[in-house]
1. Segment 138-170: which trypsin sites (Lys or Arg not before Pro) are DSSP loop and have at most 12 other beta-carbon atoms within 10 angstrom?
2. Post the alpha-carbon centroid distance, segment 314-341 to segment 99-113, in whole angstrom.
3. Determine one quarter of the surface area of the Cα convex hull of segment 334-379, which equals its mean projected area, and express it in nm² to one decimal.
4. In the full protein assembly as shown, how much of E69 is accessible to a 1.4 Å probe, in Å² to the nearest 10?
5. Any idea of D16's accessible area? Nearest 10 Å², probe 1.4 Å.
6. With r defined as the distance between the Cβ atoms of S79 and W253 and R0 fixed at 30 Å, what FRET efficiency is calculated, to the nearest 0.05?
7. Using a 1.4 angstrom probe with every protein chain in place, what is the largest-first accessible-area order of H58, H464?
8. In square angstrom, rounded to the nearest 10, how much accessible surface does S79 have for a 1.4 Å probe?
Amino acid sequence: MYYGDNLDILRRYIPDESVDLIYLDPPFNSEATYNVLFEEKNGTASVAQIRAFEDTWHWDMAAAAAYDEVVTKGPDKLSRLMEALRMFLGANDMMAYLTMMAIRLIELHRVLKPTGTIYLHCDPTASHYLKLVMDGVFGAKNFLNEVVWCYKERERVLPKWNPKHDILLFYCKDHSAARTFNWRAVAEPYSKVTLAKFKYRDEKGHYQIRGRNIKGSPIRAADGLRPEHEEKYPGLTYRDYLEARPGVPPRDWWQINIINKAAKERLGYPTQKPEALLERVVKASSNEGDLVLDPFCGCGTTLVVAERLKRRWIGIDITHLAIRVMRKRLLDTFGDSLSPFEVIGEPTDLRSAEALAEQDRSQFQSWALSLVDARPYGEGRKGADTGIDGLIYFIDNREGRVGKVVIQVKSGTIGVKDVRDLRGVMEREKAEIGVFITLRNPTDAMRKEAASAGFYTPPEYSSHRYPRLQILTIEDLLNGAKVSYPEMAGDIMFKRAAKAKPRAVQLLLNPPRGEKEV
């Protein structure tokens, strides 16, 4: 799991031809507003922010620099295509978006094995342009499918057809190489009409149709099956046919429900995709032990599905909040059975924490909040008069009363005034506890001011006392220090991912074809 700009991560860490399957779900240039993605939308200098932004891309110096790199150093056909697109589109938002995608697709092509495949998830806003870019990078002859993902949700009254589908552009790296496509693993159920032809059996279990025993009878067109089967497979029986074809070979349109607000797998993360969608991709285009890469992995749906299906995985995201959500989701879902993994790019010592603060104070704040499992306040935007960077909620009595911890994060110069200001915020917000997280060491006066705030004692638990105002340094947190607050009901900050069912339970509930139910 990598924290950082995926362009930089791909170039620094991912070897040539090492990945079996790539799935990417980048921002669509949809002009929608999201809570977590990019602030600057360009080719090489992506600046990550937790705060909300409009998914509208802008042509700037960084986008122009990325365009120059693609045109001068990229594949010849892609270079000519990008020149033509710029002549057609101009130096506008869409061109900035396509440039950002093109420079990353070059790297994704490099890391994909000759036998590998890639799915680019997009919507009709830019899918027609992205298909041209994919042709320029992977080659038009390596285009396999344009898969349409159809879904239902509340309809709106619009002066046009309600948009209810996304596009997955499916390419291979080398059409002449043997590639994985496990169609039987994603075969679709037979229709009731088809199943009715095979549902009749005699007392010996032999299939019958129209009252005729067909255990050993060859397939015939008169029995409702195509004549070419009889010509291609002489002597093939209905039993052979049914066992050889566990379902209908998958089509290039998929009817899969979106994640509704009440769904167990819903984590509240913007743009989260259903696991069923990723299961179809991973099952069909990889095998156990293969390496799956998601360079825009968000809340980690690809990683969870790959882990469940016994694939190795690499996830990349540019926000610390996403890394935090993914890590928690994996731990909640798989517990002790989770394969060992590491997070690369996050600070691990004081020096790297200082470097992050200098590079991006917003991401430093997000990372610091992740060390204490706090929720960013207001999607990471500290207002001029709120004085709150993060929140922790807790339950402190048997009736379920919710208490609150307010948190401030400071990476620069600090003084006793900052502690007094936090006390004022606590009083205004009626918070039981306040926490001051600092990169610098606090002064004696600051510690004395914090101590003067006294202790918080939960109702019904007079033997438990918690400092009302706590000062924690980044060095303290890296060494294992924790915020002191009542944890009687456990963490209620983030929705917990549903725990994976043990394999034995899965067999009982959904026995594979040929296995008996117990």
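1. K152, R154, R156, K160, K164
2. 24
3. Quarter of the Cα hull surface area: 4.5 nm².
4. 50
5. Estimated to the nearest 10 Å², D16 gives 100 Å².
6. My answer for the efficiency is 0.35.
7. Putting H58, H464 in descending order of accessible area: H58, H464.
8. 10
The values are calculated or read from the model by the stated rules, or taken from the named source; none is laboratory data. For clarity, every value in this text was computed on a predicted model and none was experimentally measured. Note: ideal-geometry Cβ built from the backbone for every residue, glycine included; neighbour counts use all protein chains shown. The protein model used for the area step is the full one, side chains on, heavy atoms only, and it has no ligands, DNA or RNA in it. Shrake-Rupley method; radii C 1.70, N 1.55, O 1.52, S 1.80 Å.
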